[in-house]
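Please treat every number below as a calculation from the coordinates, not as lab data. The structure displayed is predicted, hence computed values, not measured ones. In this analysis, Cβ positions are derived from the backbone assuming ideal geometry, glycine residues included, and neighbour counts consider all displayed protein chains.
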Amino acid sequence: MNFILLFLLLNSLFFLPRYILERKTSTFFPYKGFLEGPVKERIQFVINRFNYDIFRISVDFLLLSILLLFFNNKLPQQTLHIGFFGIYCLLMIYQVYYHAFENIYKVEPLFYRDYLLLKTGVQIFFREFNTINILLAAGVLVLFVGIYMLIGLFVESAIAFLPGTFFWVIIGVLVFLSCYSLFTYNYKAFGKIVFPSQLQSLIRNIAFSLTTKKQIGKVDFEKLKSYRPYQDYKLEVTPNIYFIPIESYGRIMYDHPDLKGSYKDYMLQLQESLQKAQWYSATNLSLSPITGGASWVSYSSAMFGMDIKDQGIYLTLLNRPEMHDYQHLMRWIKGNGYTNYRVAPIAGFKGMKIPWDNYSSFYAIDEWIKYEDMNYTGPLIGFGPCPPDQYSLGFAKDFIKQKQSSPFCLFFITQNSHSPFNDPGAIRNKWSDWSDGTQVFQGSSSIFVNPKLEDYAEAIRYQMSFLTDFILKEGTEDDIFFLIGDHQPPTFP
């Protein structure tokens, strides 16, 4: 009996993380699916359902457990314990990776495009080793120690377990359902099928990553480099240009029943204030290539005029020498006599290896305005952490004004609406007022904090309000501002 109880416990742990992520939209035990509706739909519900509950079976864990029953007297107990623990952890880590990335980015995870995000996430985690991250690390350590102990008990119980006929009948049914599920759905619904195989998904992930890399390698980058339809176009007037992607600014503001009312009201007020000051504005909805993260994929798509689609393609373009001569928006602007600046206001960059020269070449940046250039002594906000965006943008404008009289393009992706959405909460009369000598941290900078919808709404309101304030106070005649939402916010339904 202990063997069966431990099997159910260890098996359910595979599916607990996704249930936690989806707990607002999933039912813990979806019994209605088994009791209501046509018989065909009830049978289907046993195999494949759109509810992220823990009442599922890991095919790999099931097969490992069966093998354990057959070989428990043929190998030393310690060997079985360590081997089983190692395989279990591998499957668990892959399961967590797959479901976390699918939940955030809404696409099937792929190592080829995800490894840089994983690497960056680890760097951020250890660079921001605050109380929350320490507790998370300790929690993970305790979890794996607990799993190790449970697997030790599981191996011991397997040695003492004497399965009867009824047990093997149940196992036979589970194996049949597993095989049917795998051959019917294959990898197509790994996140939703009731009998998933982590190993099958892992192998597919590796194989598809290699195939994707090979396919991208066949692209004619020389031909892409020579594509210059605007080469002969020259600007008769050279207004200053601001290219400002707004972090996590998505259509959810326009559609969500709890957000759209107040959003439309204050956006109308902001538009009226621009009109009174004789600023012309136009807006439209666009389709981002990504959702929930990887902002660089989105704003690079807008800048390059191509659908970059995902992180893997982005990395390929970034590392191809030909693409460092591709005529995207900022390179074309530079060819028209502009100086290109980009703001990097994150305070923690100093501890990370950033390939500044490579990014400068790729985006045609002449000069970076980094946090250490800002002489900032005020509160640091949220993700990064960073100064208030009002300060960062105001400082950048003042920095450029003191350096040159030629036209410029300023590239700045806002930071204060990044998850977990800790906005400064106020707009100062002067941007410089923020640097007041009180170098304190406001709000959590951890990306591992579960954000709140109301905090997101306030962060977007802050962004639109401070940007309007900046245009009215700092904008000069003929300035052009491109304000682009980069993607939908993560985690919210």
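Which of the three applies to the stretch 240-485, rounded, prolate or oblate, going by the alpha-carbon gyration tensor with a ≥ b ≥ c and a/c under 1.5 meaning rounded?
Taking the square roots of the gyration eigenvalues as a ≥ b ≥ c, the stretch 240-485 is rounded.
Within the stretch 191-212, name every residue whose backbone N is under 19 Å away from a label modeled 7 Å from Cα of LEU90 along the Cβ vector.
Answer for the stretch 191-212: 196-210.
Quick one: length gained pulling LEU75 to ARG204 fully straight, 0.36 nm per residue minus the C-alpha distance?
43.3 nm
Roughly speaking, what is the centre-to-centre gap between the stretch 332-402 and the stretch 1-55 when only Cα atoms are used, to the nearest Å?
Spelled out, the Cα-based centre of one part sits 48 Å from the other.
If you take every residue apart from LEU67 with its C-beta less than 12 Å away from the C-beta of LEU67, what net charge results, scoring Lys and Arg +1 and Asp and Glu -1?
0
How many nm separate the modelled label positions at TYR148 and THR165, each set 7 Å beyond the Cα in the direction of the Cβ?
For TYR148 paired with THR165, the spin-label model returns 4.3 nm.
Assign one of three labels to the stretch 320-376, namely rounded, prolate or oblate, based on the Cα gyration tensor with a ≥ b ≥ c the square roots of its eigenvalues; rounded applies when a/c is under 1.5, prolate when it is not and a/b is larger than b/c, and oblate otherwise.
Verdict is oblate for the stretch 320-376.
With a cut-off of 8 Å between alpha carbons and a minimum separation of six or more residues, what is the relative contact order of the chain in percent?
So the answer I get is 19 percent.
Once you order the gyration tensor axes a ≥ b ≥ c over the Cα atoms, which shape class does the stretch 2-214 get: rounded for a/c under 1.5, otherwise prolate or oblate by comparing a/b with b/c?
oblate
Charges on Cβ only, +1 for Lys and Arg, -1 for Asp and Glu, centred on the Cα centroid of the chain; of LEU117, PHE470, PHE183, which one is farthest towards the dipole's positive end?
Of the listed residues, the answer is PHE183.
If each residue of separation counts as 0.36 nm, what is the full-extension length gain between THR476 and ILE43 once their alpha-carbon separation is subtracted?
Extra length from THR476 to ILE43 when fully extended: 149.3 nm.
Relative to the present Cα-Cα distance, how much length would full extension add between ALA137 and LEU9 at 0.36 nm per residue of separation?
Contour length minus Cα-Cα distance gives 43.8 nm.
Which lysines, if any, have their Cα less than 20 Å from the Cα of LYS370, not counting same-chain residues under 8 positions apart?
LYS350, LYS353, LYS397, LYS401, LYS403
Label points 7 Å out from Cα along the Cβ direction at TYR115 and TYR266: separation in nm?
Label-label distance for TYR115 and TYR266, simple model: 4.2 nm.
If I model a spin label as a point 7 Å beyond the Cα along the Cα-Cβ vector, how far apart are those points for ILE66 and ILE427 in nm?
Each label point lies 7 Å from its Cα, and together they span 6.5 nm.
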